[in-house]
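> The structure under discussion is supplied below as structure tokens; questions concerning it will follow.
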Amino acid sequence: YVALSYVWGAAAGHGLTSSLGNIDNLQRPGNLWLLQRELPAVITDAMSLVFGIGERYLWVDRLCIVQDDGEAKMTAIRQMDVIYENAVMTIVAAEGDGAGAGLPGVVKRTRTQPQLCEVIGPRLRMIVPRQLNALRRTKWASRAWTFQEHLASPRCLIFANRQVIFKCSWDAPFREDIASEYQFFRYSRLRVPLERHHA
């Protein structure tokens, strides 16, 4: 499965969530596709992405944790590290103030800032790199829950307004505009120690 890391934001009280009253209906094959209009953009974008890359399952807290079952919710919260650690990868919605922002670039409407580039010649463009430090100033990076999700995830596909970054916890991150920024993550507080993968 693929996990989703995002900030609920203003959508916290709006949109579809799992509950004791609807969980059976949500678990029927194909029902989430039918209920897309009730889901925040970040979840529908993630569903499209997961389908597009050939994966079958997406783990989303607001759907996979029954929100009005206190005991089940606490059990799931205590296992969040295991959930993210065992995911094939985690999709990170690093931009925006909430779930309504979507994943920039997955759907045409979602990339609000154009990717800056300079035309060097015919069929050759130079991309202006966005500093990874800008991710630290996002709402996503300011939350303890998302920090834990990031640390536990073996691989992250981070969606920012101007780029997508693929990062393995044991290796350098790779961006759509530059080959590697290993030095940033090597000394970053967000870097997961190598020992975890060699134990």
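> When the stretch 140-165 is examined, which residues are found to be within 11 Å of the chain's Cα centre (by Cα) and open to solvent by 50 Å² or more (accessible area, probe 1.4 Å)?
Arg155
> Shifting gears a bit: Please list, ordered by first then second residue, the pairs with beta carbon atoms under 8 Å, 6 or more apart or interchain, first in the stretch 58-86 and among the hydroxyl-bearing types (Ser, Thr, Tyr), second open to solvent by 30 Å² or more (accessible area, probe 1.4 Å).
Final answer for the pair search is Tyr84/Gln148.
> Here is a follow-up. Residue pairs, Cβ under 8 Å, 6 or more apart or interchain, first in the stretch 29-52 and over 14 Å from Thr17 (Cα atoms), second open to solvent by 60 Å² or more (accessible area, probe 1.4 Å) and modelled with pLDDT of 90 or more. List them.
Close Cβ pairs satisfying both conditions: Val50/Arg56; Val50/Tyr57.
> Applying the selection to the stretch 66-110, what residues are of a type in the set (Asp, Glu) and assigned to a helix (DSSP H, G or I)?
Glu71, Asp81, Glu85
> For Leu4, indicate whether it is hydrophobic (A, V, I, L, M, F, W, C) and without any contact (Cβ under 8 Å) to a residue 24 or more places away in the chain. Before you say what the answer is, go through the steps one by one.
Details: hydrophobic (A, V, I, L, M, F, W, C): yes; without any contact (Cβ under 8 Å) to a residue 24 or more places away in the chain: no.
Criteria not met by Leu4.
> Yes or no: Gln27 in contact with a Ser or Thr (Cβ under 7 Å, 6 or more places away or on another chain), over 18 Å from Ala94 (Cβ atoms) and modelled with pLDDT under 95?
no
> Answer yes or no: is there a residue in the stretch 37-45 that is in contact with a Ser or Thr (Cβ under 9 Å, 6 or more places away or on another chain), over 24 Å from Cys156 (Cα atoms), open to solvent by 70 Å² or more (accessible area, probe 1.4 Å) and not polar (S, T, N, Q).
Yes, the conditions are met somewhere in the stretch 37-45.
The values are calculated or read from the model by the stated rules, or taken from the named source; none is laboratory data. Computed from a predicted model, the values in this text were never measured in an experiment. In this analysis, Cβ positions are derived from the backbone assuming ideal geometry, glycine residues included, and neighbour counts consider all displayed protein chains. Just the protein is used for accessible areas: all its heavy atoms, side chains included, with ligands, DNA and RNA removed. Shrake-Rupley method; radii C 1.70, N 1.55, O 1.52, S 1.80 Å.
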